[in-house]
Amino acid sequence: MTALLVAAAAAYGVFLAYTSVAFGWRGIGLGPHFRGSSVGGRARAQGWLAQAGIVDVRPVELAAVMALLFVTGAALCFALFGGVLPPLVAGMFAATFPLASLRNRRERRRSDAREAWPRMIEEMRLLTGSLGRSVPQALFEVGRRAPDEMRPAFRAAHREWMISTDFPRTVAVLKRGLADPTADATCETLLVAHEIGGTDLDRRLAALADDRVQDLQGRKTAQAKQAGVRFARRFVLLVPVGMALAGLSIGSGRSAYGTSGGQVGVAVGIAMVVVCWLWAGRLMRLPEEDRVFG
């Protein structure tokens, strides 16, 4: 098995060297590297990190943490089962933990934002209508009472407004900091009202608030129906791990894991657990809104 892995790595290295010399390809992918896709990928990664609330973290730093967890997971698996293939699969699985943690954090922040936006939009309706506030003034006044996770974006937008008094630039700063579809729609509505005026701002904000309430109620209903399935999903990880540890302590279990067949079986088992875990998460994932004005 080790010889097969070494041969495959050597063959891929020859392929990379040949395509680099013959075709001028760069990178470690199977095809040529395009600068545009790389820039777009970095922009998507930055937006994803902004939604998770860690906009100051660079993707390179995230990759370094993933590499460290890969080494740690592979070392722990090697201590249990030995060999090369099971530690490799376990290390790859451990490297996904930061992404899973960021996804959970991102979902919590977006859930908090979904719950806060209907109230904030209603406050903006009141401030711009009955109380006669200007659109920028109403936006920043509501932002001071926003959830803690959203306030840094509002403060950054307020600083931009105080420096430049350019509302389109201010809105762009706020949208970049919040990275939220509802924030995009709300900011664009306020921007149009500020730029060209009109008397229908109250009606548009009311319609937007009603839409956000309906979306929030629908998501809460779906999550309540999934509560039992989410609890059962945890057993996808706990039961196989418990069975593997029990097998190590019974008879010649440890030596059996060291054979070629045992190594392949462990690697396939870990891979199946990972696939089932990811598949179950994908099935339970609720649809996300696209950022039309992002």
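List every residue pair whose Cβ atoms sit under 7 Å apart, with the two residues 6 or more apart in sequence or on different chains, where the first one lies in the range 268-285 and is over 13 Å from ARG233 (Cα atoms) and the second, anywhere, is part of a helix (DSSP H, G or I).
Once the first residue is over 13 Å from ARG233 (Cα atoms) and sits in the range 268-285, its partners that are part of a helix (DSSP H, G or I) give GLY269/PRO240; ILE270/PRO86; ILE270/VAL89; ILE270/ALA90; ILE270/PHE93; ALA271/VAL89.
Identify, please: which residue in the range 233-259 is part of a helix (DSSP H, G or I) and either loosely packed, with under 10 Cβ neighbours inside 10 Å or at pLDDT 80 or above (or both) and is, among those, nearest to the chain's Cα centre (by Cα)?
Ranking the candidates gives LEU238 first.
Mind telling me which of the residues GLN223, GLN217 ends up being in a helix (DSSP H, G or I), within 22 Å of ARG103 (Cβ to Cβ) and not β-branched (Val, Ile, Thr)?
GLN223
Identify all residues within the range 262-286 that are aliphatic (A, V, I, L, M) and not in a helix (DSSP H, G or I); write none if there are none.
LEU286
Being assigned to a helix (DSSP H, G or I) and touching a helix residue (DSSP H, G or I) at 6+ places or on another chain (Cβ under 6 Å) is the filter here; which residues of the range 142-168 pass it?
Once the filter is applied, which keeps residues that are assigned to a helix (DSSP H, G or I) and touching a helix residue (DSSP H, G or I) at 6+ places or on another chain (Cβ under 6 Å), the range 142-168 yields VAL142, GLY143, ALA153, PHE154, ALA156, ALA157, HIS158, GLU160, TRP161, PHE167.
Could you check the range 175-199 and list, in sequence order, the residues that are free of Cβ contacts under 8 Å to residues at least 24 places away in the same chain and either surrounded by fewer than 13 Cβ atoms within 10 Å (Cβ to Cβ) or touching a Leu at 6+ places or on another chain (Cβ under 8 Å) (or both)?
Across the range 175-199, the qualifying residues are THR189, ILE196, GLY197, GLY198, THR199.
Can you confirm whether ALA157 is touching a residue at least 40 places away in the same chain (Cβ under 8 Å) and in contact with a Leu (Cβ under 6 Å, 6 or more places away or on another chain)?
So ALA157 fails the test.
The values are calculated or read from the model by the stated rules, or taken from the named source; none is laboratory data. Given the structure is predicted, the values throughout are model-derived calculations rather than measurements. Methodologically, a virtual Cβ is constructed for each residue, glycine included, from the backbone with ideal geometry; neighbour enumeration extends over all protein chains shown.
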